[in-house]
1. Give me the accessible area of Ser61, 1.4 Å probe, in Å² rounded to the nearest 10.
2. With unit charges on the beta carbons (Lys and Arg positive, Asp and Glu negative) and the dipole taken about the Cα centre of the range 42-137, which residue among Gly62, Trp47, Gly109 sits farthest to the positive side?
3. Would you look at the GNM of the chain, springs on alpha carbons closer than 10 Å, and say which of Arg13, Arg74, Arg170 moves the most?
4. Which residue fluctuates most in the GNM of the chain (Cα springs below 10 Å): Gly32, Gly62, Gly180?
5. Could you work out what % of the accessible surface of the chain is carbon and sulfur, using a 1.4 angstrom probe and leaving DNA, RNA and ligands out of the count?
6. Identify all lysines with a Cα-Cα distance to Lys39 below 19 Å; exclude those on the same chain that are fewer than 8 residues away in sequence.
7. Quick one: net charge of Gln134's neighbours, Cβ under 15 Å, K/R +1, D/E -1?
8. Starting from the Cα of Thr83, step 7 Å along the direction of its Cβ; do the same at Arg175; then give the gap between the two resulting points in nm.
Amino acid sequence: MTYLQLVNATLRRLRRAEVSSVSATAYSALIGDLVNQAKREVEDAWWWLELMTTTTIAVSSGTDTYTLTGYGKRYAIRQVHDTTRQGTVRAIRQEDFRRFFDFPGGTTGLPSYWRISGYSSGDPQIQFWPDPDQSVTVKVYAKVAQADLSADGTSLSVPDQPVLAGAYLRALDERGEDGGTTFIRAQTDFQQALGDAIAQDDWNRARGRESDWRVA
């Protein structure tokens with residue numbers, strides 16, 4: 001569903017008139033904000049196949065830090081593989097990573113560990129240790145959240161039903177119906193919709209669709 005379709009579907013549930021644009025009225029704009037809030041909650045709830053991406057990094061000798069372009073601030077790295085050696089590069093705690101640089105030797109070699117060392121233009125930077133002493137190919141497998149919906153025609157990446165249910169739940173709360181039967185039913189519907197969507201996504205993953213990573 002598009003951003004405008006999500007807003008209009010929520011307005012219908014609230015028995016309000018549909019709009020031709022999300023920004024048409026102050027109330028439709030508010031519903032748009034609630035749709036984005038629900039979208040973020042749904043995105044954070046699961047490793048959705050629609051949000052999974054693969055980033056290939058050509059690691060060069062003497063360069064240990066690389067920018068994960070397009071990741072932004074809402075991402076979660078699941079795996080990092082050195083495809084040259086066919087091995088896993090392991091995540092490590094920040095304090096342990098810093099301690100490695102205090103060792104008197106062994107600071108160069110093939111990447112064995114990674115951490116997020118900071119941000120460049122809003123995107124995270126991944127740093128490897130030891131400092132690479134040869135060129136290798138590393139693949140980063142991660143979940144990268146879709147940017148907040150803003151244009152009317154932008155399509156939602158994650159399943160739409162839990163987002164709709166979540167937006168409706170927030171709209172009821174916003175107008176003060178958080179103690180009634182309608183709110184409790186809406187809360188149950190949201191939890192059910194989210195659970196069903198996760199179960200479906202998990203079933204697809206179990207049938208091998210997890211190999212369909214989007215390459216960045």
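1. Per-residue accessible area (Ser61): approximately 70 Å².
2. After comparing all options, I get Trp47.
3. Arg13
4. Fluctuation is largest for Gly180.
5. 46
6. Lys73, Lys143
7. That works out to -3.
8. Distance between the two pseudo-spin positions: 5.1 nm.
The values are calculated or read from the model by the stated rules, or taken from the named source; none is laboratory data. Fair warning: this is a prediction, and the values are worked out from it, not measured in the lab. Don't worry about glycine lacking a Cβ; one is built from the backbone with ideal geometry, like all the others, and counts go over all protein chains shown. Note: accessible area is taken over every heavy atom of the protein model, side chains too, but ligands, DNA and RNA are not part of it. Shrake-Rupley method; radii C 1.70, N 1.55, O 1.52, S 1.80 Å.
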